[in-house]
1. Rounded, prolate or oblate: which one fits the range 222-343, using the alpha carbon gyration tensor with axes a ≥ b ≥ c (rounded when a/c is under 1.5, else prolate when a/b beats b/c, else oblate)?
2. Over 11 Å, how big is the tail of the calculated P(r) for the range 253-296, in percent of all Cα pairs?
3. DSSP beta bridges in the chain, what fraction antiparallel, as a percent rounded to 5?
4. Could you please tell me the mean projected area of the C-alpha convex hull for the range 55-132, averaged over all directions and given in square nanometres to one decimal?
5. Could you work out which residue, out of VAL253, VAL326, VAL109, moves most in a Gaussian network model of the chain, that is, has the largest mean-square fluctuation with Cα springs under 10 Å?
6. In straight Cα distance, which lysines are under 30 Å from LYS93, not counting same-chain residues fewer than 8 positions off?
7. Counting pairs of Cα atoms in the range 125-237, how many percent are more than 26 Å apart?
8. Can you list the trypsin sites (Lys or Arg not before Pro) in the range 81-170 that are in a DSSP coil and have 15 or fewer other beta carbons within 10 angstrom?
Amino acid sequence: MSDPVRITGIATGGDGVGRMTDGRTIFIPRTAPGDLVEPVEVRLHSSYAKGWAGTLSEASSDRVIPRCAHYDDDACGGCQVQHLSAAAQREAKRKVVENALRRIGGVQVEVPPVETGPEWGYRNRITITVTADGTLGFHKVGQPRVIFDLTRCEIARPSINQLLVAVRQARSVFPPRTIRITLREGRRGELGVVLWGERTPSPAEVGAFRDALERGCSAGVIPELWWRSRNDLRSKALSTDTAGIGAVAFEQVQPEFGDQIRGIALDLLGEVQGRLVWDLYAGQGEATASLVGRGARVESVERDPALVALAERQVFPLVRRLLGRVEDLIVMLSSPDAAIVNPPRAGLGAPVTKLLLRAAPERIAYVSCDPATLARDLGRLAPAYRVETVRVFDLFPQTAHVESVALLVRR
């Protein structure tokens, strides 16, 4: 039995943070700043410990009753901070970004209050696991191989929850060896179902699943069907009436809020009329299109062929698009006046930051989905750039994820 621990903050992944009597930092999921809790099932490491919440002697004033029954009853791992008030979630995320910038990147900058959108019913996409015994759901917190049966997701849009009901009713005719299913709503309200598996389903298997799915959907609602390989991300349309490749292409779970964040990042670049701007990790080309609308010349790089195919539906005379990895193709780009970068969670990495230093654009707008890699990259760029502005966005309320935008200006 361990002595009670006072929780003093929230860590990057959403765990509460406290200090044990032996000096070790301990991380305890589902706790709140101000809690006095007895940790159980403690695993000791050299400089820290991990545990679970046992007896709660004093409860934080930041605690609220979670809206979702799965959060407590099934220890759902999809949300990490649903037990915190909205204000406490935002402040925790602001501190996560501020601490990462200071401790990892050596960046001393004021981080303003977090900007946010809808707190519930916002996700346009969820991916659920299918087990061999027919369980359909998310994993339990801290147990990625333990799946519970999901009946409703409170942070998903109503259309996604309605589609989940239909998919659950069709589970007896899932194509064999289906391991995951993605449910998605597009920008025009169109619905999509992506089956992940080891082999492409046969026409008969697709037909049986489609018929069962449509019986469970509202009248007139016919979702697009796609298959995606679990191994190499190859995809194939299983419907004859699909609207392109949108169901399998990456897009933010709150596209409209994502558009706002992108617009803020572009505004930070200042006047781009007649200037050359790099769009690195360009995705579907939304930033490229906005830059062209502002009069810029653009060179973009994106590694996903599906996203590049979507981007190329818009033909601009002042755009040069390259398909491949940024670290491989950045040397082929012309000298830029400015750049916008929107990397995955792994961040830019050392090769890209080194080449950005060599290219020396006047301004860089960095859109980040991971505070630690953002801080690392800003530290690497610090010899030539100062961080002028950081803004933080809660694109994923009830979870530990946080988005940031940083403006770097050449010294």
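All of the numbers you see were taken from the coordinates with simple rules; none came from a lab. What you are looking at is a predicted structure, and each value in this text was computed from that prediction instead of being measured. Neighbour counts are summed over all protein chains in view; Cβ atoms, including those assigned to glycine, are modelled from backbone coordinates with ideal geometry.
1. prolate
2. Here the tail beyond 11 Å accounts for 67 percent of pairs.
3. Given both bridge residues lie in the chain, the antiparallel proportion sits at roughly 60 percent.
4. For the range 55-132, the mean projected area of the Cα convex hull comes to 8.7 nm².
5. Sorting by GNM fluctuation, first place goes to VAL109.
6. LYS50, LYS140, LYS354
7. More than 26 Å apart: 13 percent of the Cα pairs in the range 125-237.
8. Taking the range 81-170 and a limit of 15 other Cβ atoms within 10 Å, the loop trypsin sites (Lys or Arg not before Pro) found are ARG152.
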